[in-house]
Amino acid sequence: MNELSLPQRVARAVGSSPVSEKLATVQELLYGPIPAWARRSPFHTGVLGHSAHPPLTDVTIGCWTAASILDLAGGTQARSGATLLVGAGLVASGPTSLAGAGDWAEMTGAERRIGAVHGLGTDVAIFLFLGSLVARLRGRHGLGAGLGLAGNAVLAGAGFLGGHLALNRGTARRTTDADLGLPGPN
């Protein structure tokens with residue numbers, strides 16, 4: 001019996017969904033020339049042997065996760081640190097998004113559809129964290145913390161799809177074993 005797990009079924013459903021295809025078409029119109037520019041930018045390079053997007057996500061996600069941990073466990077004395085981390089995550093989300101857009105510009109078929117849903121999720125998370133930062137700067141730390149938690153929840157789903165693309169679909173690869181002079185799989 002080789003039944004797919006629930007996460008695998010979700011990724012397959014997203015990749016074959018006509019709604020995901022429509023979303024990808026809308027994103028192409030909305031983002032205009034940005035993905036094509038990002039594909040030619042330094043954010044889309046093969047120098048690492050893989051996409052720059054996955055390691056850049058670690059910075060963004062790390063900042064936002066740490067901010068939520070401070071919100072939940074740090075008390076009032078951790079508020080300024082959490083605010084700083086939310087802002088740093090927003091700054092890091094710029095290059096992270098550009099690197100992802102460059103990757104997405106090369107995708108077709110199911111990968112393009114999964115990437116479109118992943119991108120929408122990360123866009124929603126970015127706006128939730130932007131709202132979190134604004135609320136925190138206006139002294140509404142409880143609202144800011146709540147928006148941050150919501151942003152992390154959305155980011156977890158989007159991150160699952162991004163990980164599926166990079167690891168299961170191989171969209172982050174820039175080189176092959178042969179390119180590196182390594183023996184292939186046995």
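The values are calculated or read from the model by the stated rules, or taken from the named source; none is laboratory data. Nothing here was measured: the structure is a model prediction, and the numbers come from that model. As a convention, Cβ positions derive from the backbone with ideal geometry for all residues, glycine included, and neighbour counts pool all protein chains shown. Surface areas here come from the heavy atoms of the whole protein model, side chains and all, with no ligands, DNA or RNA. Shrake-Rupley method; radii C 1.70, N 1.55, O 1.52, S 1.80 Å.
Counting only Cα atoms, the range 1-111 measures 49, 43, 30 Å along its principal axes, largest extent leading.
With all protein chains kept in place, the per residue accessible area of the chain amounts to 56 square angstrom at a probe of 1.4 angstrom.
Spin-label pair ASN168-VAL134: with each label point 7 Å from Cα along the Cα-Cβ axis, the two points sit 3.5 nm from one another. Spin-label model, SER80 to PHE127: label points 7 Å out along the Cα-to-beta-carbon direction sit 3.3 nm apart.
Using Stokes-Einstein with the Kirkwood hydrodynamic radius over Cα pairs, what translational diffusion coefficient do you get for the range 77-170 at 20 °C and a viscosity of 1.002 mPa s, in µm²/s rounded to a whole number?
Approximately 154 µm²/s, per Stokes-Einstein.
Lys and Arg at +1, Asp and Glu at -1: add these up for the other residues within a Cβ distance under 15 Å of ALA135 and post the number. Combined, the nearby Lys, Arg, Asp and Glu give +3. Can you give the local net charge around THR25? Use residues other than it whose beta-carbon is closer than 14 angstrom to its beta-carbon, Lys and Arg +1, Asp and Glu -1. That works out to +1. The fraction of accessible area contributed by carbon and sulfur in the chain is 66 percent, rounded to a whole number (1.4 Å probe; ligands and nucleic acids excluded). For the chain, the longest principal axis of the alpha carbon atoms and the long axis of helix 79-104 meet at an angle near 20°.
I'd like to know how the chain sits against the 2.2 N^0.38 Å rule of thumb: what's its Cα Rg over that expected value?
Here the Cα radius of gyration is 1.12 times the empirical estimate.
For a paramagnetic label modelled on ARG12 (point 7 Å from Cα along Cα→Cβ), amide N atoms under 19 Å away belong, within the range 150-170, to 160-170.
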